[in-house]
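The values are calculated or read from the model by the stated rules, or taken from the named source; none is laboratory data. Because the structure is a prediction, the values reported are computed rather than measured. When we count neighbours, we look across all protein chains shown, and the Cβ atoms used for this are built from the backbone with ideal geometry, even at glycine.
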Amino acid sequence: MNNLQYETLDRTKSLPRGIHPSVVFGKNVKIGIGCVIEEDVVIGDDCLICHYVHVWPGVYIGDRVELRSFAHVEYGVNIGDDVRVYQYGSITAGATLENKIWYGPHVISTNAHNIMVHHPDGNNWKPEPPYIKSGAIIATRSVLGPGVTIGLNSIVGMASLVRKDIPDNEIWYGHPAKYIRPVPEELRVIR
């Protein structure tokens, strides 16, 4: 990685364009060009926010988190420590990602069962964000449906559609995702 492309955030200097002044950040936070980080965001120590990332208001980001280029994090998301969100990953409003999670390229999470969430009589839907437990791996181009829980150490295979909860330590794959087998002991991140 060429460090000349990234700027280390420093409260003693003016913040880069696109970073709201209310953002609270820890030590050694590096940020790429073209990022937008909105108000009331907290970023922990040793984080890397790559180019063109958009973080909505009220997001909490733990320590040693990487948000790769073009990642999109909606309001109220909680991201734990040692999480990697890869290129074009999209995390829906209110989602929780615990610790040591690999959220692959182009992964999308959703929080609404019905695409027609705005009725003429008003907005009468309640968001149901996903919950991803520690050690989970969500492979490239997977889609997480509203309200699903991805279990501890579980693996979601590439391009899977997850419409129901996945228990701890299981591999699921397909469209819709189905149980394949247990996660081998040597692949379990959290022991």
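For the range 21-39, the condition holds for no residue, the condition being that it is under 15 Å from Ala95 (Cβ atoms) and buried (at least 20 other Cβ atoms within 10 Å of the Cβ). Taken over the range 148-191, the residue count meeting the criterion of being buried (at least 16 other Cβ atoms within 10 Å of the Cβ), over 24 Å from Gly94 (Cα atoms) and among the hydroxyl-bearing types (Ser, Thr, Tyr) is 1. Considering only residues that are outside any loop (DSSP other than H, G, I, E, B) and not β-branched (Val, Ile, Thr), which ones fall in the range 87-103? Selection gives Ser90, Leu97, Trp102, Tyr103.
Does at least one position in the range 51-71 carry a residue that is under 18 Å from the mean Cα position of the chain (by Cα), more than 26 Å from Val148 (Cβ to Cβ), in contact (Cβ under 8 Å) with a residue 40 or more places away in the chain and assigned to a loop (DSSP other than H, G, I, E, B)? Yes, some residue in the range 51-71 is under 18 Å from the mean Cα position of the chain (by Cα), more than 26 Å from Val148 (Cβ to Cβ), in contact (Cβ under 8 Å) with a residue 40 or more places away in the chain and assigned to a loop (DSSP other than H, G, I, E, B).
Among the criteria (1) touching a strand residue (DSSP E or B) at 6+ places or on another chain (Cβ under 8 Å); (2) surrounded by 14 or more Cβ atoms within 10 Å (Cβ to Cβ); (3) farther than 23 Å from Asp82 by Cβ, the one Ile138 does not fulfil is (3).
Summed over the range 4-18, the residues that are closer than 16 Å to Cys50 by Cβ and either assigned to a loop (DSSP other than H, G, I, E, B) or free of Cβ contacts under 8 Å to residues at least 40 places away in the same chain (or both) give a count of 7.
The rows are residues; the columns are (1) under 27 Å from Val41 (Cβ atoms); (2) of a type in the set (A, V, I, L, M, F, W, C); (3) modelled with pLDDT of 95 or more.
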site: Gly94; (1), (2), (3): yes, no, yes
site: Val107; (1), (2), (3): yes, yes, yes
site: Thr110; (1), (2), (3): yes, no, no
site: Ile115; (1), (2), (3): no, yes, no
site: Asn169; (1), (2), (3): no, no, yes
site: Tyr173; (1), (2), (3): no, no, yes
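Determine which member of the set Val42, Val65 is buried (at least 18 other Cβ atoms within 10 Å of the Cβ) and at pLDDT 95 or above.
Values: Val42 fails: buried (at least 18 other Cβ atoms within 10 Å of the Cβ).
Going through Val42, Val65 in turn, just one is buried (at least 18 other Cβ atoms within 10 Å of the Cβ) and at pLDDT 95 or above: Val65.
Do we have Ile31 as without any contact (Cβ under 8 Å) to a residue 24 or more places away in the chain and in contact with a strand residue (DSSP E or B) (Cβ under 8 Å, 6 or more places away or on another chain) here? Spelling it out, it is not the case that Ile31 is without any contact (Cβ under 8 Å) to a residue 24 or more places away in the chain and in contact with a strand residue (DSSP E or B) (Cβ under 8 Å, 6 or more places away or on another chain).
Taking the range 77-86 as the range and being assigned to a strand (DSSP E or B) and surrounded by 21 or more Cβ atoms within 10 Å (Cβ to Cβ) as the test, the residues that pass are Ile79, Val85.
The test for being touching a Pro at 6+ places or on another chain (Cβ under 8 Å), buried (at least 18 other Cβ atoms within 10 Å of the Cβ) and not hydroxyl-bearing (Ser, Thr, Tyr) holds for Ala95. For the range 160-191, the set of residues classified as more than 22 Å from His106 (Cα to Cα), free of Cβ contacts under 8 Å to residues at least 40 places away in the same chain and not in a strand (DSSP E or B) consists of Pro167, Asp168, Asn169, Val183, Pro184, Glu185, Glu186, Leu187, Arg191, listed by residue number.
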